[in-house]
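These notes are about the structure you will find just below.
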Amino acid sequence: MRRSPARWASSKPERIKIIEAAADPVVPVTPGNMLFALAGILAGILAGAGLAGAAEVLDTRLRSRNQFENATKVPVIARLVARGEIPKR
């Protein structure tokens, strides 16, 4: 239930008592540089593995004769050979 601003002005203030004053910390409260470095390395490895896995899954290229035949249901009747693959006689 929301109070209207007019009601705030008419309400009595609450009594607040400070029991003990807050002290400044002696030692820094942030994680150390080593923890940040390890977290960064781990995040980099995980991101790299995730991107490599996604690239492998999303790659739709046909790389072999069998992959082409299975994908198209058409037999291969000729093949282009790369320069380094020419058989020697």
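Can you tell me how many residues within region 51-65 are surrounded by 10 or more Cβ atoms within 10 Å (Cβ to Cβ) and either touching a Ser or Thr at 6+ places or on another chain (Cβ under 7 Å) or assigned to a helix (DSSP H, G or I) (or both)?
5
Take residue 29 and tell me if it is outside any helix (DSSP H, G or I) and in contact with a helix residue (DSSP H, G or I) (Cβ under 6 Å, 6 or more places away or on another chain). Before the answer, list the steps.
Values: outside any helix (DSSP H, G or I): yes; in contact with a helix residue (DSSP H, G or I) (Cβ under 6 Å, 6 or more places away or on another chain): no.
Answer is no for this residue.
Can you tell me which residues in region 8-50 are of a type in the set (Lys, Arg) and open to solvent by less than 100 Å² (accessible area, probe 1.4 Å)? Reasoning before the result, please.
Looking only at region 8-50, we keep the residues that are of a type in the set (Lys, Arg), and these are 12, 15, 17.
Within region 8-50, no residue meets the criteria.
Kindly evaluate residue 68 against the criterion of being closer than 26 Å to residue 82 by Cβ and either open to solvent by less than 100 Å² (accessible area, probe 1.4 Å) or not aliphatic (A, V, I, L, M) (or both). It would help to see each step written out before you state the result.
Details: closer than 26 Å to residue 82 by Cβ: yes; either open to solvent by less than 100 Å² (accessible area, probe 1.4 Å) or not aliphatic (A, V, I, L, M) (or both): yes.
Considered against the rule, which asks whether it is closer than 26 Å to residue 82 by Cβ and either open to solvent by less than 100 Å² (accessible area, probe 1.4 Å) or not aliphatic (A, V, I, L, M) (or both), residue 68 comes out as yes.
The values are calculated or read from the model by the stated rules, or taken from the named source; none is laboratory data. It should be emphasised that the depicted structure is a prediction, and the values quoted were computed from it without experimental measurement. Note that we place each Cβ from the backbone using ideal geometry, even for glycine, and neighbour counts take in every protein chain shown. Just so you know, the surface numbers come from the protein's heavy atoms only, side chains and all, with ligands and any DNA or RNA stripped out. Shrake-Rupley method; radii C 1.70, N 1.55, O 1.52, S 1.80 Å.
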